[in-house]
Amino acid sequence: MRPYYPAPNLLNVSPHSSALPVGIFDSGLGGLSVLRAVRKLLPDERLVYVADSRYAPYGQRDDDFIADRTLAIGQWLMAQGAKALVVACNTATAQSIEFVRERLPIPLVGVEPGIKPAALRSKTRVAGLLATQVTLRSARFQALLERHSADLRVLCQPGHGLVEAVERCDVDSPALIALLHGYLQPMLDAGADTLVLGCTHYPFLDTAIRSIVGEQMTLIDTSVAIAKQLERVLTRDGLRAPATGDAPAPARFCSTNDGTHLHMLAAALLGIDAQVESVRIPSRRTLELEANAA
């Protein structure tokens with residue numbers, strides 16, 4: 001792994017300065033749902049978003065690969081001056097956040113499926129959960145389920161193909177609707193009145209999901225809770241950017257791929273005409289892949 005050096009324009013800024021940006025990272029484009037919530041709640045914070053689209057989706061990767069990439073991208077964001085890191089990926093949080101938290105000196109905020117709010121809201125005591133296979137099999141998720149499900153029956157459904165659909169900016173095609181219908185109809189048949197969106201990509205499928213479930217299910221999107229947790233962490237550590245009352249601070253968008261889909265989704269779903277930087281963030285496992293391909 002190559003060494004990381006601070007960006008030149010940040011060399012004279014204290015590593016604990018409130019003026020530094022917050023790093024937000026996802027395996028691909030799903031973390032834009034978290035970025036949207038953060039921009040709304042914390043408009044004065046500068047943000048650096050990294051989509052590891054070259055290696056998405058993480059749901060098909062092994063645990064070591066996920067931890068390796070999460071650490072490498074966290075290090076890269078620190079080199080860009082990040083004062084805190086939001087791991088805006090359920091899969092990366094489930095498999096690697098504790099590993100990475102032990103190795104980075106900045107505060108980390110992760111995401112996890114909203115089992116607790118589902119348990120509080122469900123009247124039928126049946127909830128559906130869409131998540132990646134890696135998230136569902138993780139010890140962190142199993143502990144979450146045991147801690148909060150109690151008398152709640154949770155119908156866990158791996159969302160095979162959904163991340164890939166969002167990554168190619170498909171949020172409403174007939175094929176996508178058919179795929180979602182196959183996942184959601186059994187939940188409706190079982191009496192589920194709540195649906196947990198257990199991946200940050202899935203909020204962008206809200207309209208497609210609503211076309212199937214209507215008002216029969218309450219959708220649980222944890223992006224707002226993540227933004228609130230970031231607010232608490234920044235306030236606790238004295239890292240909140242000073243309020244200006246101006247328009248939201250500019251965000252920097254980076255992709256380990258060519259950035260075309262990141263630009264398209266940011267424009268379509270966030271109304272941001274983002275200039276996307278294509279960045280290379282090597283790590284032990286990706287260097288191995290490159291060596292084997294040579």
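What follows is calculated from the coordinates using simple rules that are stated; it is not laboratory data. These numbers come from a predicted model, not from an experiment. Positions of Cβ are backbone-derived with ideal geometry, glycine not excepted, and every protein chain shown enters the neighbour counts.
Considering only DSSP states other than H, G, I, E and B, which GluC sites (Glu not before Pro) in region 164-226 qualify as loop sites with at most 15 other Cβ atoms within 10 Å? Working shown, then result.
Working: sites: 164, 167, 215; in loops: 215.
Answer by residue number: 215.
Express the Stokes-Einstein translational diffusion coefficient of region 115-221 in µm² s⁻¹, to the nearest whole number, given a Kirkwood radius over alpha-carbon pairs, 4 °C and a viscosity of 1.567 mPa s.
Working: Rh = 13.8 Å.
It comes out at roughly 94 µm²/s.
I'm a student and want to see the number: the projected area of the Cα convex hull of region 162-230, averaged over all directions, in nm².
4.9 nm²
Under a cut-off of 20 Å between alpha-carbon atoms, report the lysines in cross-link reach of residue 83, not counting same-chain residues fewer than 8 places apart.
Result set, ordered by chain and number: 40, 228.
Using Cα atoms only, what is the angle between the long axis of helix 63-79 and the major principal axis of the chain, expressed in degrees (0 to 90) to the nearest 10?
Approximately 40 degrees, to the nearest 10.
Given springs between every Cα pair under 10 Å in a Gaussian network model of the chain, which of 80, 275, 95 has the largest fluctuation?
275
Answer rounded, prolate or oblate for region 50-186, using the Cα gyration tensor with square roots of eigenvalues a ≥ b ≥ c: rounded when a/c is under 1.5, else prolate when a/b is larger than b/c, else oblate.
Details: a/c = 2.29, a/b = 1.36, b/c = 1.69.
Note, shape of region 50-186 comes out oblate.
State the volume of the convex hull built on the alpha-carbon positions of the chain, expressed per residue in Å³ and rounded to an integer. Mind showing how you got there, number by number?
Numbers: hull volume 40.2 nm³, N = 294.
So the per-residue hull volume is 137 Å³.
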